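The values are calculated or read from the model by the stated rules, or taken from the named source; none is laboratory data. Predicted, not measured: the structure shown is a model, and the values here were computed from it. Quick reminder, even Gly has a Cβ in these numbers, built from the backbone with ideal geometry, and neighbours come from all protein chains shown.
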């Protein structure tokens, strides 16, 4: 499978649906989710408490299952971003991107020269431990790695063109919980101000040739964002899936047993 396929799909405007890994660490969960048909796995290193070795193991298994991994980080830091990319992560999502400076720093850390200044160490997992022409390896990495800014404040929405207009930023994902909280309308996803903010983000991304999306499992919000032209969606998490599946299994079993008892 072409490692640059997800970035190309997103750039071509194809709808891509992922799921977040919030806190459960079992490497084979990547294989399970790949079998479910998700387009990517978003490993949450903002709220999640995964250590570096766990993320490396998750990425290694996901790579074998051909499931691209995007890692969410809290700041544009060389310390963590370099390691995640060298592990083989196909994308970095910066939570609560503060504006132009954060976005430019993120691009610089994620892309090799001349597009950025990512630290060079090529005989690593991200190259399948292959040696060869270093410049070719670096060019391939620049074609593969996805750079994403998460939009979570009304200030960033107001200045969204400063982010979407930066070369090297591939797309933006809205974090609706923090955005609505900072707007003083927490959880009111159908509020006109929220819709206007989403429309502004989507329009800016389109204007600059970038894609946009959202992190949510709310059906109404997903429909709104789809109608606005967003194409990248991170829908729920492994915790939501287990919780919802467990409730469905319990309710189904109770209904079945109650029907049998009624017939007895």
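Data for the structure
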quantity	calculated
Residue in region 238-257 that is under 17 Å from the mean Cα position of the chain (by Cα) and buried (at least 20 other Cβ atoms within 10 Å of the Cβ) present	no
Pair list, Cβ under 8 Å, 6 or more apart: region 1-22 residue touching a residue at least 60 places away in the same chain (Cβ under 8 Å) and on the phi > 0 side of the Ramachandran plot, other residue surrounded by 15 or more Cβ atoms within 10 Å (Cβ to Cβ) and in a strand (DSSP E or B)	13/211
Test: residue in region 240-263 that is closer than 28 Å to residue 92 by Cβ and touching a helix residue (DSSP H, G or I) at 6+ places or on another chain (Cβ under 7 Å)	no
Among the residues listed as 220, 229, 209, the single one being exposed (fewer than 14 other Cβ atoms within 10 Å of the Cβ), under 23 Å from residue 146 (Cα atoms) and either at pLDDT 95 or above or under 17 Å from the mean Cα position of the chain (by Cα) (or both)	209
Residue 204 being in contact with a helix residue (DSSP H, G or I) (Cβ under 6 Å, 6 or more places away or on another chain), part of a helix (DSSP H, G or I) and either loosely packed, with under 12 Cβ neighbours inside 10 Å or modelled with pLDDT of 95 or more (or both)	yes
Wholly within region 128-200, helices (runs of 4 or more DSSP H) carrying at least 3 residues that are surrounded by 21 or more Cβ atoms within 10 Å (Cβ to Cβ) and under 17 Å from the mean Cα position of the chain (by Cα)	none
Yes/no for residue 125 being more than 19 Å from the chain's Cα centre (by Cα) and without any contact (Cβ under 8 Å) to a residue 40 or more places away in the chain	no
Yes/no for residue 113 being surrounded by fewer than 21 Cβ atoms within 10 Å (Cβ to Cβ), modelled with pLDDT of 95 or more, part of a helix (DSSP H, G or I) and touching a helix residue (DSSP H, G or I) at 6+ places or on another chain (Cβ under 9 Å)	no
Among residues of region 207-222, those that are over 26 Å from residue 47 (Cα atoms) and part of a helix (DSSP H, G or I), counted	1
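Quick grid of which residues meet (1) touching a strand residue (DSSP E or B) at 6+ places or on another chain (Cβ under 8 Å); (2) within 21 Å of residue 162 (Cα to Cα); (3) touching a residue at least 60 places away in the same chain (Cβ under 8 Å):
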| site | (1), (2), (3) |
| --- | --- |
| 88 | yes, no, no |
| 96 | yes, yes, yes |
| 101 | no, yes, no |
| 113 | no, no, no |
| 116 | no, yes, no |
| 121 | no, no, no |
| 132 | no, no, no |
